[in-house]
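Single-structure report; data block below.
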Amino acid sequence: MSTELSPRATEIADHTKQLLAAGGYHGFSYADVSKRVHIGKPSIHHHFPSKADLVLAVVARHREQTRDGLAALDQHFEDPLARLTAYTDYWAECIREGTSPMCICAMLAAESPMVPADIADQVRAYFQDLTAWLVTVLERGQATGQFRFSGTASVEAQTFMSMVHGAMLTARALNDAESFQAISRTAIRQLSVPT
């Protein structure tokens with residue numbers, strides 16, 4: 001699926017991503033997007049004929065942006081512990097600043113039985129991408145003696161991923177951005193070999 005969009009379609013997608021983070025698939029309509037982008041609903045339909053088309057494009061872009069972001073972490077941080085810390089620090093800043101208080105794929109995963117199948121497939125692929133990256137980081141950290149875990153790297157990656165996304169929910173439920181940072185740091189400490 002191509003993620004190349006026109007400038008106006010990109011603006012629509014960016015606002016839709018914010019709406020998805022705030023309320024999920026069923027928490028917004030084209031009227032909400034229209035108010036944010038200051039264009040009529042027919043113009044939105046011109047770019048995205050249906051809500052499913054719009055959300056599918058947003059999730060595909062999110063996956064691509066995430067892959068690019070994870071690749072950037074790999075380039076900037078040789079150290080596996082620093083990679084995990086930078087990953088969670090990114091989300092801590094998004095939550096603290098309110099720019100992305102929740103991963104849209106986490107929101108959509110909770111709704112997966114009620115969203116179109118192609119969107120659920122993209123969400124599943126997002127989590128597979130993230131798991132694969134985490135496995136690589138954890139295996140490297142285990143090889144260098146920074147991380148220790150008793151299960152497989154895949155199970156540990158999914159456990160860490162679950163803690164991070166659960167921390168997003170906790171921060172939202174408690175209206176406390178700092179709780180995300182505390183939980184994610186604990187998740188990293190649980191993997192780390194004491195120095």
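Annotation: P101 fulfils all but one of (1) in a helix (DSSP H, G or I); (2) surrounded by 17 or more Cβ atoms within 10 Å (Cβ to Cβ); (3) of a type outside the set (S, T, Y); the unmet one is (1).
Scanning the range 72-95 for residues that are more than 18 Å from S184 (Cβ to Cβ) and of a type in the set (D, E) turns up at least one hit.
What residue, among those in the range 138-181 that are in a helix (DSSP H, G or I) and of a type in the set (S, T, N, Q), is surrounded by the most Cβ atoms within 10 Å (Cβ to Cβ)?
Of the range 138-181, the ones in a helix (DSSP H, G or I) are 138-143, 153-174, 177-181.
With the extra rule that they be of a type in the set (S, T, N, Q), the set shrinks to 142, 154, 158-159, 162, 170, 179, 181.
Numbers: Q142: 17, S154: 14, Q158: 17, T159: 16, S162: 13, T170: 15, S179: 17, Q181: 19.
Residue satisfying both the conditions and the ranking: Q181.
Within the span defined as the range 73-88, one or more residues are hydrophobic (A, V, I, L, M, F, W, C), part of a helix (DSSP H, G or I) and under 21 Å from A125 (Cβ atoms). Applying the criterion of being within 14 Å of Y87 (Cβ to Cβ) and either modelled with pLDDT under 95 or not basic (K, R) (or both) to the residues of the range 184-195, the residue that is surrounded by the most Cβ atoms within 10 Å (Cβ to Cβ) is S184.
The values are calculated or read from the model by the stated rules, or taken from the named source; none is laboratory data. Everything numeric here is computed off the predicted structure, so don't read it as measured data. Cβ sites come from the backbone with ideal geometry, for glycine too, and all protein chains shown count toward neighbours.
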